[in-house]
Amino acid sequence: MVLLTLIVLSILFFIKLFNEFGKEKTILNNKAVIKIIQEKTQLQPKSIKLQQTTVKNDSELKEFEKLFLDIYRAFTQPDLDFLKDHVSDVIYEKFCAQILKRQNAELTQKIEVVFKDTTIQKKQTYKTKEKIWISFKVSQMSIIINNEGKILDNPNKIFIDLCYKWTLEREDDNHKWKLVKNTVSEC
């Protein structure tokens with residue numbers, strides 16, 4: 001019985017050791033918590049990803065809120081050059097298809113946004129690229145207007161609460177942020 005117990009304990013010990021291999025190690029820094037994730041396949045310095053949990057920085061959050069508004073302004077009042085510079089090719093194609101559909105039907109769209117909470121969820125810095133995940137909790141009103149000025153959608157101009165989750169990338173500090181992923185849901 002004792003032998004069986006020792007065998008079970010040794011098996012559990014090896015399972016725990018195996019599961020711990022390759023997990024995150026956390027280092028405390030005076031500015032942020034930095035997690036160094038070790039890749040199991042490559043343990044070279046260039047394969048290490050840094051994740052930073054940041055304290056809210058109002059100016060940085062305002063910058064991303066402004067970018068949010070600028071992208072939706074460019075979508076509703078078609079500014080294809082701005083969109084091309086600030087969204088990925090995949091999102092650009094989707095936006096252009098919606099803009100073309102709206103223009104063919106001789107419709108315009110107006111959006112009003114009130115920010116409730118903007119949070120930087122995560123940042124990753126690679127050797128030549130930076131990536132950031134942001135959530136925007138907003139109250140948004142959207143209307144569709146025909147060429148005669150009649151509101152076809154949401155005539156009472158009702159605001160709804162929406163949660164956007166954006167992923168943005170830039171190649172280095174000199175390049176503009178580009179929206180590479182956008183999801184939205186009701187809050």
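The values are calculated or read from the model by the stated rules, or taken from the named source; none is laboratory data. If you're wondering where the values come from, they're calculated on a predicted model, not measured in any experiment. Cβ sites come from the backbone with ideal geometry, for glycine too, and all protein chains shown count toward neighbours.
If you take the residues of the range 140-156 that are loosely packed, with under 13 Cβ neighbours inside 10 Å and free of Cβ contacts under 8 Å to residues at least 40 places away in the same chain, which of them is farthest from residue 83 (Cα to Cα)?
Going through the qualifying residues, I end up with 156.
Are any residues in the range 69-91 under 21 Å from residue 143 (Cα atoms), of a type outside the set (S, T, N, Q) and out of contact with any helix residue (DSSP H, G or I) (no Cβ under 9 Å at 6 or more places or on another chain), and if so, which ones?
Of everything in the range 69-91, those that are under 21 Å from residue 143 (Cα atoms), of a type outside the set (S, T, N, Q) and out of contact with any helix residue (DSSP H, G or I) (no Cβ under 9 Å at 6 or more places or on another chain) turn out to be 69, 72.
Any idea which of 165, 123, 131, 137 is more than 18 Å from residue 86 (Cβ to Cβ), surrounded by 14 or more Cβ atoms within 10 Å (Cβ to Cβ), within 16 Å of the chain's Cα centre (by Cα) and free of Cβ contacts under 8 Å to residues at least 60 places away in the same chain?
On the way: 165 fails: more than 18 Å from residue 86 (Cβ to Cβ); 123 fails: free of Cβ contacts under 8 Å to residues at least 60 places away in the same chain; 131 fails: more than 18 Å from residue 86 (Cβ to Cβ).
Checking each option against the conditions leaves just 137.
Suppose the filter is modelled with pLDDT of 95 or more and either surrounded by 13 or more Cβ atoms within 10 Å (Cβ to Cβ) or of a type outside the set (Gly, Ala, Ser) (or both); does residue 179 pass it?
On the way: modelled with pLDDT of 95 or more: yes; either surrounded by 13 or more Cβ atoms within 10 Å (Cβ to Cβ) or of a type outside the set (Gly, Ala, Ser) (or both): yes.
The answer is yes for residue 179.
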